[in-house]
Amino acid sequence: MYVPYLTARSTAVAFRSISYRFKSTSLDAKKILAIRREDASIWERRAPLAPLHVRQLVRKGVKVIVQPSNRRAYPLQSYVQSGAVVQEDISEAPVIIGVKQVPVDLLLPNKTYAFFSHTIKAQEANMPLLDACLDRNIRLIDYEKMVDSMNQRVVAFGRYAGIAGMINIMHGLGLRLLALGHHTPFMHIGPAHNYRDSGSAKQAVRASGYEIALAMMPRSIGPLTFVFTGSGNVSQGAQEIFQELPFEYVDVKDLPHVSQLGQTTKVYGAVVSRADHWVNKNGSSFDPEEAEQHPERYYSNFASNIAPHASVIVNGIYWAPDSPRLLTIPDAKRLLQPHYAPWLPTSIGSPALPHRLLAICDISADPGGSVEFMTDCTTIDNPFCLYDADYNKKTSDFAGPGVLVCSIDNMPTQLPLEATQSFGDLLRPYIFDIINSDANESFEKFKGSDVVQRAVIASNGKLTSNFEYIMEMRTQKDKSKSSKSRADNEKSVLVLGAGFVAAPLVEILTRDEKVHVIIASDLQAPSENVAKNAKKSNAESIVVDVLKNQDLLETLIQESDLVISLLPYSLHPIIAQKCIQFKKNMVTASYKSPEMRALHDEALDAGVTILNEVGLDPGIDHLFAMECFEQVHSNGGKITSFKSFCGGIPAPESADNSLLYKFSWNPRGVILNTLSSARWLEKGKVHEVPEGGALMDAVRDIDFLKGFNFEGYPNRDSLIYQDVYGLNSVRTLLRGTLRYKGFCNLMKGFHMMQLLNTNPHPLLHPNGPDITWRQFIANVLAQPEDILPTTVKNIMFEKIGQDEQRMQALEELGLLGDEMIAKKHSPFETLMYYLTNKLMYQPGERDLVVLRHEINVEWPDQSKEKRNINLVVYGDPDGYSAMAKTVGYPTGIAANMILNGEIQEKGVIGPTSVNVYNTMIKRLRMEGIRAVEKSTKY
């Protein structure tokens, strides 16, 4: 009950009719209590006591001082009529109470204060307030910690937080649905503060409920399901409003059914407790006592089992830092995927919803808490934000992709009259314990009830025993965020390698000024150039040989938040082991090699993410494939064939050499790939090619882009992706490499001439005598060095199978000339060095990346479809090469996602989770990397 305006007569009548009973106490001397003016927000209109409560205190002999404020919902004259003394100066009161935090400058020393301090989680913003309480000998009582013997709160605004929050989210739901193309009865519900009291709000909700019952909800929306977390005052208050609609409660296990087949003439509610979604990590059943004492032993399946069937989530639970979250950032990416509901009647004018989850009302208002992506509270002025999971950002719009979030941290003040009255009623049994507190006396002498004693955070210049943990939490937080070499909140990324693809990677990372990038290379010039080209102060270079300077490497890894390896793939396991040792996340664009896969369990145990295959191939090819597969599978189809070819090649006008290839990235990988083994599935038959050069005999013509003259060959083991892609029914699975026609034939010639031999050759020792290419070729052919050039040519022609194309190419490349060789031990390394310098891109030339997916689909109605996905990217002669962009950009995007908590999966992983590939695809589009899909049904 609340009484907004009181006369002396009406007050007396009211007190005769209400049987309030204070706890019996003796007052040896005049007690003084001050109610301070609230100044935390322009909307804060509550007070800890209503005039009714003040009147009772005055009758008990307490002098109550009220600081004047016209912002309070109860007018000042109501307090005057109740016997309060109104004055600005409250220093004579030994005990001062309020609602919200007190500004540090206004804290009076040697006083007892009672208010919501928001310090019990070592919240950084309120640590100066706590320090001031300690410095000024203030006894701080926090209402939030006034709990009974069962650890249940006894003083709270929770019910009205729930009532106001539910009104707000219904108001927001109406606006969000309107932005999505649907007028609904929720449009008639306003924000909570528009109503004089909750009764008025309930009338509006009830009127909207009538329209829902009369089938005035658009059928294309489908059934609306409301999920309430917890069963405390907040949840009960929210459900109080919910029950003004035509409603039906269902068990959590029935949510999947009603979310699809429920009626639109009512709404459905489900109340979720810990037992419904907390799962013991060791597999045992849920134990409430264990969950309370050791929440770290549990994980939550709320995001996978409950949230996918919720239209609105109303969250009012308390979250401790070691407790499992309801929703993480990656969870949001999965939940906000397109919703497939073919049973709903939709059309252009009656559009389907983009996804099931429409709105979240996080009444707990705990930034970064149980709802991880709610990083900032909303306000009464701006109560809603639209969270776009793909870009991990919030906007103030109602239209666009995302979920509507309302998380106002002072919702009860939207219903200030009732909230004040209710809070005072709850505080009443303990008020004299608070009034009797003397901050100048030892806390051990304080005779207050257990409830009040348990709520004393600080006294006599120190934290009480129950709250000494706050200092430990502060220390831990300070350690985790402090760094000797970087500013507060700055994240450090170590990039190992400064090759062709490093520049766009560093450029995308350094767009965020809070990300500091260190480029480490065994050569000074490349790393310096990458850092300088970034043109940002948050990039620097360092020289380090990862094999020789182990101590420096380990120091750099320890000081980094993330390590990105652009080194040769054979070095990745070495770097990964050190990242696991120092518990640092890692990203690489390379394949998940067997050596890397073997580190999965170690990475899991260390809680480390080792993300691989986020370049071009592998990388972008996975993203587009998985996007298509998910669309097909979610719509009931199955993939029967998947062929993929990808290649980085010169643009046609720059393919002016016999190899029809130029190097824009590591040449070793390009050539070694031609010597690899391969395995693939085609028309139900598994094909295998051994390593050593036989792969060049498996070449096939490629004609999907008629303007190009392509050929392709299988790439490594395609079958390992059958499980990764979820292609259990596929009959063809082939991933291949794309080249201009003629490349494979020349590679075969190199192999036949033993130029791809990786073993050391005595004539190629760097300290040996000089030798020309012609002389070396003569030696390879077991001929004397002074043999006639024409004779060498004739013998070579026989050696390479009398192939005119191979012969012409080897001659044009200078391998029969008199140029001195830069000897690099083995024929392979020597040839790589030679080709790298001879076949580099010249100024003004550009490269080309082509990716092609051919996907055959079979639908439930037996119809068939062929989807072709093409990605064609040209390099910029004055900027990044196509290969640099298509490797550097996705690697940088993936790195940022880890830094921002958007990828949290642990172990050695790839980008094949929906929360990873969908986001990466959208962000690649912003960088100009987009695919074109064409479909043919037959």
* Would you say Met897 is closer than 14 Å to Leu505 by Cβ and at pLDDT below 95? -> no
* Asked: How many residues does the stretch 311-323 contain that are out of contact with any helix residue (DSSP H, G or I) (no Cβ under 7 Å at 6 or more places or on another chain) and in a loop (DSSP other than H, G, I, E, B)?
  -> 5
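So, Asp561, is that one surrounded by fewer than 22 Cβ atoms within 10 Å (Cβ to Cβ), of a type in the set (D, E, K, R), touching a residue at least 40 places away in the same chain (Cβ under 8 Å) and on the phi < 0 side of the Ramachandran plot or not?
Here the answer is yes, as Asp561 does meet what is asked.
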* Asked: Are any of the residues in the stretch 712-721 surrounded by fewer than 23 Cβ atoms within 10 Å (Cβ to Cβ), in contact with a strand residue (DSSP E or B) (Cβ under 6 Å, 6 or more places away or on another chain), assigned by TED's automatic domain parsing to the domain that holds Asn673 and not in a loop (DSSP other than H, G, I, E, B)?
  -> yes
* Asked: Among the residues of the stretch 39-58, which ones are among the charged types (D, E, K, R) and assigned to a helix (DSSP H, G or I)?
  -> Arg55
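Yes/no matrix, rows are residues, columns are (1) modelled with pLDDT under 95; (2) closer than 11 Å to Leu33 by Cα; (3) touching a strand residue (DSSP E or B) at 6+ places or on another chain (Cβ under 8 Å); (4) in a loop (DSSP other than H, G, I, E, B):
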{"position": "Lys63", "(1), (2), (3), (4)": "no, yes, yes, no"}
{"position": "Gln77", "(1), (2), (3), (4)": "no, no, no, no"}
{"position": "Gly83", "(1), (2), (3), (4)": "no, no, yes, yes"}
{"position": "Ile90", "(1), (2), (3), (4)": "no, yes, yes, yes"}
{"position": "Tyr113", "(1), (2), (3), (4)": "no, yes, yes, no"}
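Would you check which residues across the stretch 116-174 are assigned to a loop (DSSP other than H, G, I, E, B), aromatic (Phe, Trp, Tyr) and closer than 19 Å to Tyr469 by Cα and list them?
Once the filter is applied, which keeps residues that are assigned to a loop (DSSP other than H, G, I, E, B), aromatic (Phe, Trp, Tyr) and closer than 19 Å to Tyr469 by Cα, the stretch 116-174 yields only Phe116.
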* To do: Kindly indicate whether any position in the stretch 394-403 is modelled with pLDDT of 95 or more, part of a strand (DSSP E or B) and outside the structural domain of Ile893 (by TED's automatic domain parsing).
  => yes
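With the condition being touching a Gly at 6+ places or on another chain (Cβ under 7 Å), within 30 Å of Asn151 (Cβ to Cβ) and assigned by TED's automatic domain parsing to the domain that holds Arg356, I'd like the strands (runs of 3 or more DSSP E) fully within the stretch 242-303 carrying at least 1 qualifying residues. Full working, then the answer.
Numbers: elements: 247-249, 267-272, 278-280, 298-300.
In the stretch 242-303, 247-249 are the strands (runs of 3 or more DSSP E) which contain 1 or more residues that are touching a Gly at 6+ places or on another chain (Cβ under 7 Å), within 30 Å of Asn151 (Cβ to Cβ) and assigned by TED's automatic domain parsing to the domain that holds Arg356.
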* With respect to Lys583, determine if the residue is surrounded by fewer than 22 Cβ atoms within 10 Å (Cβ to Cβ) and under 20 Å from the mean Cα position of the chain (by Cα). => yes
* Extreme residue, surrounded by the most Cβ atoms within 10 Å (Cβ to Cβ), among residues of the stretch 874-898 that are out of contact with any Gly (no Cβ under 8 Å at 6 or more places or on another chain) and over 22 Å from Asn585 (Cα atoms) -> Gly875
* Among residues of the stretch 899-931, those that are under 15 Å from the mean Cα position of the chain (by Cα), of a type in the set (A, V, I, L, M) and crowded, with 22+ Cβ neighbours inside 10 Å, counted -> 3
* Hey, any hits in the stretch 123-137 for a residue that's in contact with a Lys or Arg (Cβ under 6 Å, 6 or more places away or on another chain) and assigned by TED's automatic domain parsing to the domain that holds Glu472? -> no
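Condition check ((1) buried (at least 18 other Cβ atoms within 10 Å of the Cβ); (2) among the polar types (S, T, N, Q); (3) under 21 Å from the mean Cα position of the chain (by Cα); (4) in the same structural domain as Glu682 (by TED's automatic domain parsing)) across all residues:
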position	(1), (2), (3), (4)
Asp601	no, no, no, no
Gly619	yes, no, yes, yes
Leu623	yes, no, yes, yes
Lys638	no, no, no, yes
Phe642	yes, no, no, yes
Phe645	yes, no, no, yes
Gly648	yes, no, no, yes
Leu659	yes, no, no, yes
Lys662	yes, no, no, yes
* Could you run through the stretch 816-828 and say how many residues are under 15 Å from Val780 (Cβ atoms) and in contact (Cβ under 8 Å) with a residue 60 or more places away in the chain? => 4
* **Val546, sole failed condition from (1) in a strand (DSSP E or B); (2) modelled with pLDDT under 95** => (1)
* Asked: Can you find a residue in the stretch 654-669 that is touching a Pro at 6+ places or on another chain (Cβ under 6 Å) and modelled with pLDDT of 95 or more?
  -> no
* Asked: Which of the following residues is among the hydroxyl-bearing types (Ser, Thr, Tyr), more than 30 Å from Arg219 (Cα to Cα) and in contact with a Leu (Cβ under 7 Å, 6 or more places away or on another chain): Ser273, Ser311, Ser285, Ser300?
  -> Ser300
* To do: Among residues belonging to the stretch 89-105 that are of a type in the set (Val, Ile, Thr) and buried (at least 22 other Cβ atoms within 10 Å of the Cβ), point out the one that is farthest from Leu57 (Cα to Cα).
  => Val102
* Can you name every residue in the stretch 549-568 that is of a type outside the set (A, V, I, L, M, F, W, C) and not in a loop (DSSP other than H, G, I, E, B)? -> Gln550, Asp551, Glu554, Thr555, Gln558, Ser565
* **Exclusive hit being surrounded by 15 or more Cβ atoms within 10 Å (Cβ to Cβ), touching a strand residue (DSSP E or B) at 6+ places or on another chain (Cβ under 7 Å) and outside the structural domain of Gly928 (by TED's automatic domain parsing), set Ile821, Ile869, Ile855** => Ile821
* **Scan of the stretch 518-539 for residues that are outside any loop (DSSP other than H, G, I, E, B) and either modelled with pLDDT of 90 or more or out of contact with any strand residue (DSSP E or B) (no Cβ under 7 Å at 6 or more places or on another chain) (or both), ordered by number** => Ile518, Ile519, Ala520, Ala525, Pro526, Asn529, Lys532, Asn533, Ala534
* Looking at this structure, is Ser437 in a loop (DSSP other than H, G, I, E, B), crowded, with 18+ Cβ neighbours inside 10 Å and modelled with pLDDT of 95 or more? -> yes
* List the helices (runs of 4 or more DSSP H) that sit entirely inside the stretch 569-685 and contain at least 3 residues that are under 30 Å from Val544 (Cβ atoms) and in contact (Cβ under 8 Å) with a residue 24 or more places away in the chain. => 572-581, 600-606, 667-672
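The values are calculated or read from the model by the stated rules, or taken from the named source; none is laboratory data. Since the model is a prediction, treat every value here as computed from it, not as a measurement. Cβ atoms come from the backbone with ideal geometry, glycine included; neighbour counts cover every protein chain shown.
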